[in-house]
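Only one structure is covered here, and it is reproduced in the block below.
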Amino acid sequence: MKTILDPYQLHLTIQRLTYEIIERNANLEETVLIGLQPRGVYLSDRIVSHIQKIYPSINIKYGKLDITFYRDDVRGELHTANKTDIPFSVENKNIILIDDVLYKGRTVRAALDALLDYGRPNKVELCVLIDRRFNRELPIQPDYCGKAIDSIMSQKVKVEWDKEAVILY
């Protein structure tokens, strides 16, 4: 067991990701933030909260996307879906998908498929807290990355939001 981010580092990393998003998206009115259910929502909630503190007068478009039934790597099992909440059009918007850990890329692929059911965005970017650089099965890379780590397939990365830490098991 190894701590990748302690509470202080986690807080700083989320702040940095927030500022990077603001820096690269001059027009936040045309930018949509979408947290991927279930674990990406913890990160997206915090990023949206930071943006709202910095720009309280801007109405941030923020949604939550469930990709349960778009996955191609979980079949034949009974799954409980989370709630998708996208109360606006994504048509011609700049979308930033937010998730906690990028590993094989399958969650992001499923999110791209699910997103198209809500319209055709102008651009889609990816923001992740942790990028497990190796063992990617699809050509997907983050545009915003909190921390890139090297790990082997048998290891697990767990973002423990209640403890405010990221642990490698």
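Only the coordinates and a few stated rules stand behind these numbers; no lab work does. Note that the coordinates shown come from a computational prediction; the quantities given were computed from them, not determined experimentally. Positions of Cβ are generated from backbone atoms using ideal geometry, with glycine treated the same way; all protein chains shown enter the neighbour counts.
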TODO: Report the residue, chosen from Q155, Q52, Q141, that carries the largest GNM mean-square fluctuation when the chain is represented by alpha-carbon nodes joined by springs under 10 Å.
DONE: Q155
- [ ] Among (1) 24, 21, 14; (2) 32, 16, 15; (3) 47, 22, 15, find the value of semi-axes √(5λ) of the Cα gyration tensor in Å that was calculated from the structure presented, and write down its label.
- [x] (1)
Task: Furthest towards positive pole of dipole, V159, L116, A26, structure part the chain, Cβ charges - done: V159
- [ ] Select from R16, R71, R24 the residue whose mean-square fluctuation is largest in a Gaussian network model of the chain (Cα-Cα springs shorter than 10 Å).
- [x] R24
Open item on the list: Suppose R0 equals 25 Å. What FRET efficiency, 1/(1 + (r/R0)^6) with r the Cβ-Cβ distance, do K2 and E137 give to the nearest 0.05?
Closed with: 0.55
TODO: Using the Cα centre as the reference, give the magnitude of the dipole from point charges on the C-beta atoms of the chain (Lys, Arg: +1; Asp, Glu: -1; all else neutral), rounded to the nearest 20 debye.
DONE: 280 debye
- [ ] Once you've got the GNM for the chain with C-alpha springs shorter than 10 Å, pick whichever of I47, I34, I22 has the biggest mean-square fluctuation.
- [x] I22
Open item on the list: Between K163 and I54, what is 0.36 nm times their sequence separation minus the Cα-Cα distance? Round to one decimal in nm.
Closed with: 36.7 nm
